[in-house]
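Trainee: Mind having a look at this structure? Questions to follow.
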Amino acid sequence: MNIQSMKSGNIAGLILALVDDDNIYRDYMSQILIHQYGCRVFDASNSEEMLSLLSNNPIDCIILDYNMGVESGLAIGELIKKKFSDPPPIIMLTGEAKERTIVKAFRGGFSDFLSKLDLNFN
């Protein structure tokens, strides 16, 4: 799996972990990824659920929200990298889209960045 295949829409069959504390948005995204793109999606609403998913499932890529309420997506990404020797790529998903946030994500080892505001599922 590579980020370019995801950007071009060639993601059918990938096993994704979608991590977002907003239940409605997470369900919406999961349904699109499953029905429109043919992915298998596991979802989590916090770091504890995310770590359990990674420990018990083969995940190709993690889509991780930046603002997780009491948790930071950056901190969760760091936790994943500390706990797993070869974690899957992590894509940060956020509604903020501030340059500073993007730089922090890349410096923290995230593979890519998606703005919730720019997503188009047509």
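Taken together, the values in this text are just the output of simple stated rules run on the coordinates, not laboratory data. As the structure is a prediction and not an experimental result, all values here were calculated from the model. Neighbour counts run over all protein chains shown; Cβ positions are idealised from the backbone, glycine included.
Trainee: Kindly rank 86-93, 30-37 from highest to lowest mean number of other beta carbons found within 10 Å of each residue. Walk me through the numbers on the way to the answer.
Mentor: On the way: 86-93: 18.6, 30-37: 14.2.
Averaged packing, sorted descending, gives the order 86-93, 30-37.
Trainee: Something else: Give, rounded to the nearest 20 debye, the magnitude of the charge dipole that the chain has about its Cα centre when Lys and Arg contribute +1 at Cβ and Asp and Glu contribute -1 at Cβ. Could the numbers behind the result be given before it?
Mentor: Numbers: 11 positive and 16 negative charges, 79 e Å.
So the dipole magnitude of the chain works out to roughly 380 debye.
Trainee: Ignoring everything except DSSP H segments at least 4 long, calculate the 222 nm mean residue ellipticity for the chain; use -39,500 (n - 2.57) per segment, divide by total residues, nearest 500. Kindly include the intermediate steps, with their values, before the conclusion.
Mentor: On the way: 5 runs with 48 residues, N = 122.
The helix-only estimate for the chain comes to -11500 deg cm²/dmol at 222 nm.
Trainee: Taking percent of Cα pairs over 22 Å apart straight from the coordinates, which label in [x] 43; [y] 26; [z] 55 is the correct one?
Mentor: Of the labelled values, this structure produces [y].
Trainee: Continuing with this model, one more query. Can you work out ³J(HN,Hα) from phi for every residue in segment 64-81, in order, using Karplus 6.51 cos²θ - 1.76 cosθ + 1.60 and θ = phi - 60°, giving whole Hz and x for Gly and Pro?
Mentor: 10, 5, 6, 9, 9, x, 7, 10, 9, x, 4, 5, 5, x, 5, 4, 4, 5
Trainee: Also, quick follow-up: Taking amide hydrogens as modeled 1.01 Å from N in the peptide plane, which residues meet the under 5 Å criterion relative to ASN67, leaving out close sequence neighbours?
Mentor: Amide H to amide H, under 5 Å and 5 or more residues apart or across chains, ASN67 pairs with GLY73, GLY95.
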